[in-house]
Structure formats: C-alpha cells, structure tokens
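What follows is one structure encoded as structure tokens, with my remarks underneath.
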Amino acid sequence: MKGVRLLWLRRLLAELRPDVVQAHWLPMATAARLAGARPLVATAWGSDVYLAGAVHRLANRWIVRRAERVLA
C-alpha cells in the first residue's frame, strides 16, 4: 500500500476511533494493521488466498498471525 494511503488510513482511524475494524479482504486487513487498527478482524475471501502471488502469500501469513480474529 502506498504511503499516502496508509497515512490517510492512519488519520481516519485516529479520527473515528472505531471499537473494532473488520477488513473484508486480506490485503486491506494488512493495510489496516499497518495503520494501527486494533482490534482487527480479517476476512479471507477466495481470490486473496487462491490467486495470491508470493508477496501476498507472505503478507497473508503475517496478517493471519496478527489479527485478533480471522474469518474464512
């Protein structure tokens, strides 16, 4: 995720202060965690798992270990 988008997401989280963030795609869950979202629920769909290249597979493993909950 580009730095500008990550900064925007970080600011949005600081402004809204949500009780929980649920991301419905693992790449967006990764971005949310990098922006500081906690607690985070990550939802895996088919394409973000089955069509993931090497970099996304590494990111998927990273976020699955760091999200408070994972749905599939």
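For the chain, with all protein chains present and a 1.4 Å probe, just round the carbon and sulfur fraction of the accessible area to a whole percent. Walk me through the numbers before you get to the answer.
Working: 3170 of 5230 Å².
About 61 percent, which is the carbon plus sulfur part of the accessible surface.
When you restrict to C-alpha pairs under 8 Å that are six or more residues apart and normalise by the size of the chain, the relative contact order lands at 31 percent. From most to least packed by mean Cβ count within 10 Å, the peptides 53-64, 21-32 give 21-32, 53-64. With a Förster radius of 22 Å applied to the beta-carbon distance between residue 17 and residue 71, the computed FRET efficiency rounds to 0.45.
The values are calculated or read from the model by the stated rules, or taken from the named source; none is laboratory data. Everything numeric in this text was worked out from a predicted model, so none of it was measured. Note that we place each Cβ from the backbone using ideal geometry, even for glycine, and neighbour counts take in every protein chain shown. Note: areas computed on protein heavy atoms with side chains; ligands, DNA, RNA excluded. Shrake-Rupley method; radii C 1.70, N 1.55, O 1.52, S 1.80 Å.
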